[in-house]
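The values are calculated or read from the model by the stated rules, or taken from the named source; none is laboratory data. Keep in mind that what you see is a predicted model, and the values were worked out from it rather than measured. All Cβ positions, even for glycine, are placed from backbone atoms using ideal geometry, and neighbour counts span all protein chains on display. Accessible surface areas use protein heavy atoms only, side chains included; no ligands, DNA or RNA. Shrake-Rupley method; radii C 1.70, N 1.55, O 1.52, S 1.80 Å.
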Amino acid sequence: MNTIKKPVYILVFILLITLLFPASVPAQENITDEVRYLLENYYVDPVASEILSAASVEEILTRLNDPNTTYFSPEEYQDFVNSINMKFCGIGVQIDAVPEGILIISVFEGSPAKEAGLHPEDIITEAGGHSLAGLSTNEAASIIRGPEGTDVKLVIKRGQSTFDVVATRREIQAPTATGKILKNHIGYIAISSFGTDTSAAVEALINNLKGQNADGWVIDLRNNPGGYVDTALNIAGFFLNDNIAMQVKGQDNITYLYKAYRHDFTFNQPVVLLINGYSASASEIVAAAVKDYQKVTLTGALTYGKGTMQRTYMLSNGGALKITVARFYSPNGATIDKTGVTPEIAIQKADSLRAA
């Protein structure tokens, strides 16, 4: 097992949980002033006066140029929370922004998107008559989603061809973790998001698969865009027990050490952890930690490289500002932001699950 390079400050559960639940901001004269206050006092880096002096929230965030610091209207904030817990009214896809529009990363089984014949790697260039080129995932999601039972016309680019499909929106409640037995003895658990109920779901799956005589494990974090820090530390505990799971540096530039959570069960049989270019944020907390401690065989492709931590602050108008407050690193201090986590066994084109 690798050792942690230096002891610094260890944060306890009370502080960790504040990253899971939104905080309030002292009331200012208007929303723009509230956003200025938050950026000046809590943003991970000093914010230049020419950014803070912008006349509107939109212009401030444009000048800041941090895609992870985002303003939400009250409705958008609720959509954001629901998306982490995989609950929303839409077509049932995970997405990422690309220059041409919105790339489909995965399609949920039994979803309107699946029924409409959509595939991973399809690009949605238009939705409901609106071009999605240049939009963020949040902006595009607000167009694609809508009231249950309503139709949305999508323009799809697949390879060199372009075609239209119509999908009927409906309530999506996809599990954040699923599992099964492979080859009669391998416990397979796919974690698609780190939501509020994910830790309990993973623990139940482990117990179920242990009861089916699993003697080896494949944990799949491919296409998992992240979620709550608290949940990531909980999941990391199944590998690390209550050892240090990551280092964090915020505006004060002090290094804090975050522990994983202790569980009655920790993996002591062979484990392969699957990652790819869409494994991000909380997924990278887990991947980097288990790599440092040499607890698994990390397999797949280089991860996304989102090594920043956000906290949500509620604003006086009922909206919210999700703001980058810290950068996180592996337990041994390896950089993750814009670097990602490198697998020990690289698999780019082949079926990494079959290889595992």
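Candidates are the residues of the stretch 153-179 that are among the charged types (D, E, K, R) and in contact with a strand residue (DSSP E or B) (Cβ under 7 Å, 6 or more places away or on another chain); the one that is farthest from Ala201 (Cα to Cα) is Asp164. Selection of the stretch 215-244 for residues being part of a loop (DSSP other than H, G, I, E, B) and buried (at least 21 other Cβ atoms within 10 Å of the Cβ) yields Leu221, Arg222, Asn223, Asn224, Pro225, Gly226, Tyr228. Residues satisfying the criterion are present in the stretch 264-273 (criterion: surrounded by 21 or more Cβ atoms within 10 Å (Cβ to Cβ), touching a residue at least 40 places away in the same chain (Cβ under 8 Å) and of a type in the set (A, V, I, L, M, F, W, C)).
Counting only strands (runs of 3 or more DSSP E) that fall entirely inside the stretch 113-178 and contain at least 3 residues that are surrounded by 20 or more Cβ atoms within 10 Å (Cβ to Cβ) and of a type in the set (A, V, I, L, M), the qualifying elements are 123-127, 151-158. Pairing residues of the stretch 331-345 that are closer than 19 Å to Ala260 by Cα and touching a residue at least 24 places away in the same chain (Cβ under 8 Å) with residues that are open to solvent by less than 70 Å² (accessible area, probe 1.4 Å) and among the acidic types (Asp, Glu), at Cβ distances under 6 Å and at least 6 apart in sequence or on separate chains, gives Pro331/Asp292; Asn332/Asp292; Ile336/Glu284; Val341/Glu284.
Of the numbered criteria (1) within 25 Å of Val107 (Cβ to Cβ); (2) at pLDDT 95 or above; (3) surrounded by fewer than 17 Cβ atoms within 10 Å (Cβ to Cβ), the one Asp197 fails is (2).
Before we move on, is Tyr261 of a type in the set (Phe, Trp, Tyr), on the phi < 0 side of the Ramachandran plot, under 18 Å from the mean Cα position of the chain (by Cα) and outside any helix (DSSP H, G or I)?
Numbers: of a type in the set (Phe, Trp, Tyr): yes; on the phi < 0 side of the Ramachandran plot: yes; under 18 Å from the mean Cα position of the chain (by Cα): no; outside any helix (DSSP H, G or I): yes.
It is false that Tyr261 is of a type in the set (Phe, Trp, Tyr), on the phi < 0 side of the Ramachandran plot, under 18 Å from the mean Cα position of the chain (by Cα) and outside any helix (DSSP H, G or I).
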